[in-house]
Amino acid sequence: MRRPLATAAALAAALAAAAAPARAEELIRVQVRAQPEEIQELRLEDYVAGVVAGEMPGSFPPEALKAQAVAARSYALTRKVEAQAANRRWDIASGVIAQVFAAGRASPQARAAVDATHGEVLVQGMEPVEAYFHAACGGRTEAGMPALGRDLPYLASVECGRCDRAPRVRWSLEVGAAELGRLAGLGGAATAARVVARSASGRAEKVEVAGRGRRVTLAATDLRQRLGWARLPSLAFDVREVRRGFAFDGRGQGHGAGLCQWGAAGMAREGKDYREILRHYYPGTDVLRMY
């Protein structure tokens, strides 16, 4: 997920294309399957509706769904610019590493959110932003650099405190000593593990694992990837020894940067509209209708 920033010239070209009246300028190429490769070309608004349906429950408040629609549209445009610069056959992938796209399954609620925000993009200056999002931050979002390797001013760590109703917002994972030692490359069972460095938001940045007379320090992001993104839901965790290995006790779901989806629902229930929600989670940005 560490991508180069698109150039200002490429972004300007994309904005001009989006503003053009031709229907073809509103299309996006989605890689819906990698092996064998399948690419679908569809209207950007139809794609965004599929993302809203794939990423948020239809039971969420309308203003939260609108915020998700604008974030998804913005992220898709930045990926389209990147694809053009790389001369790639497709603009954006599907799935959790990009945006979950529910092809052909846009709910009425998702479609209403897209229609209400038609053509609206989150920008800083005149450039669409990389509007990353996640399920639940667990209290405070993470900055872009420690979460994604993206040092972007609008991916700042902000207070949330509205995602306590999220499923498994508090969680615990037990990992056997042999498995942890193997994942750390120790050649034997782990005998100790601890977080040795944390980000400003309190999330783990480095984890030290010991065993067989050796100590290995892993980036927490690497450890999460080795264990599995879904299995270790976030980097907001502590580690303790248990009978058969180690327990990771944590909070939140996802990388933690940008929009907290359950937090957005909480803000909407407080009466905040989608523009207020987006400004909170992406400081210094504005919503602009581009087509």
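The values are calculated or read from the model by the stated rules, or taken from the named source; none is laboratory data. These figures come from a predicted structure and were not determined experimentally. Quick reminder, even Gly has a Cβ in these numbers, built from the backbone with ideal geometry, and neighbours come from all protein chains shown. To get the accessible areas, we keep the full protein, side chains included, count just its heavy atoms, and leave off ligands, DNA and RNA. Shrake-Rupley method; radii C 1.70, N 1.55, O 1.52, S 1.80 Å.
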Relative contact order, percent, the range 88-191 [alpha-carbon distance under 8 Å, six or more residues apart]:
14
When only C-alpha pairs under 8 Å and at least 6 residues apart count, what is the relative contact order of the range 170-251, in percent?
34
Divide by every residue of the chain the summed helix terms, -39500 (n - 2.57) for each DSSP H run of at least 4, and state the resulting mean residue ellipticity at 222 nm, rounded to the nearest 500 deg cm²/dmol.
-10000 deg cm²/dmol
Using a cut-off of 13 Å between beta-carbons, work out the net charge of the residues near residue 73 (Lys and Arg +1, Asp and Glu -1, residue 73 not included).
-3
When Lys and Arg each count +1 and Asp and Glu each count -1, what net charge do the other residues less than 15 Å away from residue 228, Cβ to Cβ, add up to?
+2
Of the accessible area of the chain, computed with a 1.4 Å probe and all protein chains kept, carbon and sulfur make up a percent value of 50
Quick one: how many Å² of residue 274 are accessible to a 1.4 Å probe, rounded to 10?
30
With label points built 7 Å along Cα→Cβ from the Cα atoms of residue 151 and residue 37, find their separation and express it in nm.
3.3
Relative contact order, percent, the chain [alpha-carbon distance under 8 Å, six or more residues apart]
22
What is the P(r) of the range 127-265, as percent of Cα-Cα pairs per 10 Å bin from 0?
13, 42, 29, 13, 2, 0
Measure nothing but the geometry: give the 0 to 90° angle between the long axis through the Cα atoms of 62-86 and the longest principal axis through the Cα atoms of the chain, rounded to 10°.
90
Considering only the other residues whose Cβ falls under 13 Å of the Cβ of residue 192, what net charge follows from Lys and Arg at +1 and Asp and Glu at -1?
+3
Tilt of helix 8-19 relative to the longest C-alpha principal axis of the chain, in degrees (0 to 90, nearest 10)?
50
For mean projected area of the Cα convex hull in nm², the listed values are (i) 15.6; (ii) 13.1; (iii) 22.9; which was obtained by calculation from the structure presented?
(i)
